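Just below is one structure, and these are the notes that go with it.
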Amino acid sequence: MGTVRLVIARCQVDYVGRLTAHLPMATRLILVKADGSVSVHADDRAYKPLNWMSPPCTMQVSVPEPEVAEHGVTQVWQVRSKDGDTLRILLADVVHDSDHELGIDPGLQKDGVEAHLQALLAEHPTTLGDGLKLVTREHLTPIGPVDLLLRDDAGRLVAVEVKRRGEIDGVEQLTRYLDLMNRDPLLAPVRGIFAAQQIKPQARTLATDRGIECRLVDYDALRGLDNAEDRLF
């Protein structure tokens, strides 16, 4: 079982890939999770990191060049994604560095509405797109169950994450499932649908950037409480 590493240090962070971003030297929290992901956090934005690299990725730690070491840098982290994007972290003045084993997480327990929404979508998969058919509910992966596994009319698999309120955490969750499933030749290619009653703009932007389709779901309509023939518009 892997561990989570917590590092608090003065650091400079540079991201190079589909976009570039620079964080000047400052004290931050760096989180290295057991799945290999690396995220950099400040103390002013709740759960959202300043920058991150999602798995699968690799990390190399090296000694800085002399001209870099002159500025107090003691370590250079190069975190590289499978697509070649790079997160480069220069560490100086490490305040804290520890590893922690969290054990097996039982996963998020859905509330009644969310669980019922999932069941209704399983009964009516075409709500999410024409030609979609249910393969199974709660498709198990090594990191947790995918809410719905569907198949489109071209025979390709579709992984669906169902939320009552769609936020960035749900998109990240589905991203991890898709990364893992698309590494299985018996399943790939697998595309994703993020389905929710409400989807926050930030979550929609992140999902779109990762090639995940967003679908708003009308819970009352699925329950048969909202008859479209009775609407004026």
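Evaluation of ARG165 against the conditions (1) part of a helix (DSSP H, G or I); (2) within 30 Å of SER37 (Cα to Cα) shows that the sole unmet condition is (1).
Screening CYS57 on (1) of a type outside the set (S, T, N, Q); (2) under 22 Å from the mean Cα position of the chain (by Cα); (3) more than 26 Å from ALA203 (Cβ to Cβ) shows it passes everything except condition (3). Within region 100-117, identify whether any single residue is out of contact with any His (no Cβ under 9 Å at 6 or more places or on another chain), open to solvent by less than 90 Å² (accessible area, probe 1.4 Å) and assigned to a strand (DSSP E or B), and answer yes or no. The answer is yes; a qualifying residue exists.
Taking only pairs six or more apart or across chains, which ones have beta-carbon atoms under 8 Å, a first residue in region 199-215 that is among the hydroxyl-bearing types (Ser, Thr, Tyr), and a second residue that is open to solvent by 60 Å² or more (accessible area, probe 1.4 Å)? Cβ pairs passing all conditions: none. In this structure, does ASP147 turn out to be at negative phi, open to solvent by 60 Å² or more (accessible area, probe 1.4 Å) and either basic (Lys, Arg) or at pLDDT below 95 (or both)? No; evaluated as a whole, the condition is false for this residue. Among the residues making up region 39-61, those that are open to solvent by less than 60 Å² (accessible area, probe 1.4 Å) and over 15 Å from GLY84 (Cα atoms) are SER39, VAL40, HIS41, ALA42, PRO49, LEU50, ASN51. Kindly indicate whether GLY72 is touching a residue at least 60 places away in the same chain (Cβ under 8 Å), under 27 Å from LEU178 (Cβ atoms) and open to solvent by 30 Å² or more (accessible area, probe 1.4 Å). No, not satisfied. Checked against (1) within 22 Å of ASP99 (Cα to Cα); (2) part of a strand (DSSP E or B), ASP43 passes all but a single condition, namely (2). Residues of region 155-170 include at least one that is over 14 Å from the mean Cα position of the chain (by Cα), open to solvent by 60 Å² or more (accessible area, probe 1.4 Å) and more than 23 Å from ALA221 (Cβ to Cβ). Annotation: of all residues in region 80-133 being closer than 30 Å to THR20 by Cβ and among the hydroxyl-bearing types (Ser, Thr, Tyr), the one that is modelled with the highest pLDDT is THR86.
Of all the residues in region 66-94, those that are assigned to a strand (DSSP E or B), small (Gly, Ala, Ser) and more than 14 Å from GLN12 (Cβ to Cβ) number 1. Selection of region 142-166 for residues being of a type outside the set (D, E, K, R) and touching a strand residue (DSSP E or B) at 6+ places or on another chain (Cβ under 7 Å) yields PRO145, VAL146, LEU148, LEU149, LEU150, LEU157, VAL158, ALA159, VAL160, VAL162, GLY166.
Summed over region 171-204, residues that are in a strand (DSSP E or B), open to solvent by 10 Å² or more (accessible area, probe 1.4 Å) and of a type in the set (A, V, I, L, M, F, W, C) total 2.
The values are calculated or read from the model by the stated rules, or taken from the named source; none is laboratory data. Just so you know, these numbers come straight off a predicted model, no measurement behind them. Note that each Cβ is placed from the backbone with ideal geometry, even for glycine, and that neighbours are counted across all protein chains shown. Just the protein is used for accessible areas: all its heavy atoms, side chains included, with ligands, DNA and RNA removed. Shrake-Rupley method; radii C 1.70, N 1.55, O 1.52, S 1.80 Å.
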